[in-house]
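Student: First the structure, then my questions, so here it is.
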Amino acid sequence: MSNLTSPAAVRALLSKYGVRPKKRLGQNFLVNPGVLEKIVAAANLTAADTVVEIGPGIGTLTGRLAEAAGKVVAVEVDPALVALLKETLSRFPNLYLVEGDALKADFNALVAAAGGAFPYKVVANLPYYITTPLLTRLLTGNFRVALLVVMVQKEVALRLVARPGTKEYGAISVLVRFMAEPELVAVVSRGSFFPAPEVDSAVVRLTVRPSAPVTIPDEELFFRVVRAAFAQRRKTLTNALAGSGLGLGRDAWPEVLARAGIDPTRRGETLSLEEFAAVTRSLAAERKE
Ligand code: SAM
């Protein structure tokens, strides 16, 4: 394979196929070989693994994944890049290339169609504009994923791994910690991409939990409580939850929170995963009464 980890090589390849990087699709191609190896190493791949790659681009990461894993399912939305990849990665019989939108794709069905193994791993240098909806979908959409290694904007990465009480801590931090164990693998400067984006990036590893780390009566209710608590960050928990359409009047909330062992004047951004679970349990009990 031609070495794609230099801007000159990427430029030459794109010009050979008459393709221009599309900003609206987040096409910033990785050109740093050290970062490439860090991503592959973080995924701990063996021949028994099936990997789903979202946005293979010009195939820089795809080729390395196909060398390290048993099967790679790569989903790319840009038909021009799919055409390029069909030629440049034709020597990998274990690559199943799909033209499609990762926000709509049924990854379980694609892995099954490719004859891949379950659960599978997701490895991707994600296009910035779909990061949060895509990760939310991957974590809550009944996909049989064991591990995700994703490159995202650095600010988003800090939110994914954030702890309670920090300014980065938000609804996505709680969701991630409920579904997985998050780790920051590496911070990646914007110069590691061609063309260089306007912000720095980071690689995050999310190891999906085999079972929920806290007891909740209803996942959907739990996510609604978490979203409501962060929707108005500056408000106390009582005020944020009372205004959120969760079906209880303002007067009922201090008691529901007290029963969960939570001071009703606290802000949502200070609550741990276990505390959000306790609020959800207390709310569910109150609604049953
Ligand atoms: N994996 C390549 C790399 O590391 O150099 C390219 C990464 S680039 C940041 C993001 C890729 O995702 C682009 O190839 C882009 O066309 C593709 N993409 C953008 N939106 C997508 C979507 N909705 N579904 C699938 N792929 C998408």
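Student: State which residue is farthest from ALA74 (Cα to Cα) when the search covers only region 42-55 and only residues that are of a type outside the set (Gly, Ala, Ser) and surrounded by 19 or more Cβ atoms within 10 Å (Cβ to Cβ).
Tutor: Of the residues in region 42-55, the ones of a type outside the set (Gly, Ala, Ser) are 44-46, 49-54.
Imposing the further condition that a residue be surrounded by 19 or more Cβ atoms within 10 Å (Cβ to Cβ) reduces the set to 45, 49-54.
Values: LEU45: 16, ASP49: 14, THR50: 11, VAL51: 8, VAL52: 6, GLU53: 5, ILE54: 6 Å.
Looking at residues that are of a type outside the set (Gly, Ala, Ser) and surrounded by 19 or more Cβ atoms within 10 Å (Cβ to Cβ), I get LEU45.
Student: Ok, one more. Which ones in region 208-224 are in contact (Cβ under 8 Å) with a residue 40 or more places away in the chain and buried (at least 16 other Cβ atoms within 10 Å of the Cβ)?
Tutor: Scanning region 208-224 gives VAL208, VAL214, ILE216, LEU221, PHE222, PHE223.
Student: Still on this structure, I have one more. If the requirement is being assigned by TED's automatic domain parsing to the domain that holds ALA102, under 17 Å from ARG205 (Cα atoms), within 13 Å of the ligand (Cβ to nearest atom) and open to solvent by less than 20 Å² (accessible area, probe 1.4 Å), which of these qualifies: ILE58, ILE39? Working first, answer last.
Tutor: Numbers: ILE58 fails: under 17 Å from ARG205 (Cα atoms).
Testing whether each residue is assigned by TED's automatic domain parsing to the domain that holds ALA102, under 17 Å from ARG205 (Cα atoms), within 13 Å of the ligand (Cβ to nearest atom) and open to solvent by less than 20 Å² (accessible area, probe 1.4 Å) leaves just ILE39.
Student: Has region 66-82 got any residue that is in the same structural domain as PHE29 (by TED's automatic domain parsing), touching a residue at least 60 places away in the same chain (Cβ under 8 Å) and within 16 Å of LEU206 (Cβ to Cβ)? Show your work before the answer.
Tutor: Of the residues in region 66-82, the ones in the same structural domain as PHE29 (by TED's automatic domain parsing) are 66-82.
Checking the rest, the ones that are also touching a residue at least 60 places away in the same chain (Cβ under 8 Å) come to 80-81.
Then keep just the ones that are within 16 Å of LEU206 (Cβ to Cβ); that gives none.
The answer is no; no qualifying residue exists.
Student: While we're on this one: Answer yes or no: is there a residue in region 139-151 that is out of contact with any Lys or Arg (no Cβ under 9 Å at 6 or more places or on another chain) and within 10 Å of the ligand (Cβ to nearest atom).
Tutor: Restricting attention to region 139-151, the residues satisfying the condition of being out of contact with any Lys or Arg (no Cβ under 9 Å at 6 or more places or on another chain) are 139-142, 144, 151.
Of the ones still in play, those that are also within 10 Å of the ligand (Cβ to nearest atom) are 151.
The answer is yes; a qualifying residue exists.
Student: Now, a different point. Looking only at region 115-128, decide whether some residue is closer than 24 Å to SER211 by Cα, among the aliphatic types (A, V, I, L, M) and either open to solvent by 50 Å² or more (accessible area, probe 1.4 Å) or more than 16 Å from the ligand (Cβ to nearest atom) (or both).
Tutor: Yes, region 115-128 contains a residue that is closer than 24 Å to SER211 by Cα, among the aliphatic types (A, V, I, L, M) and either open to solvent by 50 Å² or more (accessible area, probe 1.4 Å) or more than 16 Å from the ligand (Cβ to nearest atom) (or both).
Student: Right, next: I'm checking my understanding of the structure. Among residues of region 254-265 that are under 14 Å from PHE276 (Cα atoms) and in contact with a Pro (Cβ under 9 Å, 6 or more places away or on another chain), which one is most open to solvent (accessible area, probe 1.4 Å)? Steps first, answer last, please.
Tutor: Residues of region 254-265 under 14 Å from PHE276 (Cα atoms): 256-264.
Add one more test, that the residue is in contact with a Pro (Cβ under 9 Å, 6 or more places away or on another chain), and what stays is 256-258, 264.
Details: VAL256: 0, LEU257: 0, ALA258: 62, PRO264: 35 Å².
It comes out as ALA258.
Student: In addition: Please go through region 173-190 and pick out each residue that is free of Cβ contacts under 8 Å to residues at least 24 places away in the same chain and surrounded by fewer than 23 Cβ atoms within 10 Å (Cβ to Cβ).
Tutor: From region 173-190, those free of Cβ contacts under 8 Å to residues at least 24 places away in the same chain are 173, 189-190; that's our starting set.
Passing the criteria: SER189, ARG190.
Student: Same structure, new question: Considering only region 36-73, how many residues are farther than 12 Å from ASN125 by Cβ and among the hydrophobic types (A, V, I, L, M, F, W, C)?
Tutor: Initially, region 36-73 is screened for residues farther than 12 Å from ASN125 by Cβ, giving 37, 41-52, 63, 66-73.
Still in the list and also among the hydrophobic types (A, V, I, L, M, F, W, C): 41-43, 45, 47-48, 51-52, 66, 68-69, 72-73.
Adding up the residues that qualify gives 13.
Student: Further question: Which one is farthest from the ligand (Cβ to nearest atom), of the residues in region 77-112 that are among the acidic types (Asp, Glu) and open to solvent by 70 Å² or more (accessible area, probe 1.4 Å)? Reasoning before the result, please.
Tutor: Going through region 77-112, the residues among the acidic types (Asp, Glu) turn out to be 78, 87, 99, 101, 106.
Cutting the leftovers down to open to solvent by 70 Å² or more (accessible area, probe 1.4 Å) gives us 87, 99, 106.
Values: GLU87: 16, GLU99: 9, ASP106: 13 Å.
Among residues in region 77-112 that are among the acidic types (Asp, Glu) and open to solvent by 70 Å² or more (accessible area, probe 1.4 Å), the one farthest from the ligand (Cβ to nearest atom) is GLU87.
Student: Also, quick follow-up: Any residue that is farther than 16 Å from PHE276 by Cβ and assigned to a loop (DSSP other than H, G, I, E, B) - is there at least one of those in region 216-225?
Tutor: Step one: filter region 216-225 for residues farther than 16 Å from PHE276 by Cβ, giving none.
The answer is no, given that none of the residues of region 216-225 is farther than 16 Å from PHE276 by Cβ and assigned to a loop (DSSP other than H, G, I, E, B).
The values are calculated or read from the model by the stated rules, or taken from the named source; none is laboratory data. Here the structure is a predicted model, which is why all the values come from computation and not from measurement. Methodologically, a virtual Cβ is constructed for each residue, glycine included, from the backbone with ideal geometry; neighbour enumeration extends over all protein chains shown. Ligands, DNA and RNA are stripped out before the accessible areas are found, and what is left, the full protein with its side chains, is counted by its heavy atoms. Shrake-Rupley method; radii C 1.70, N 1.55, O 1.52, S 1.80 Å.
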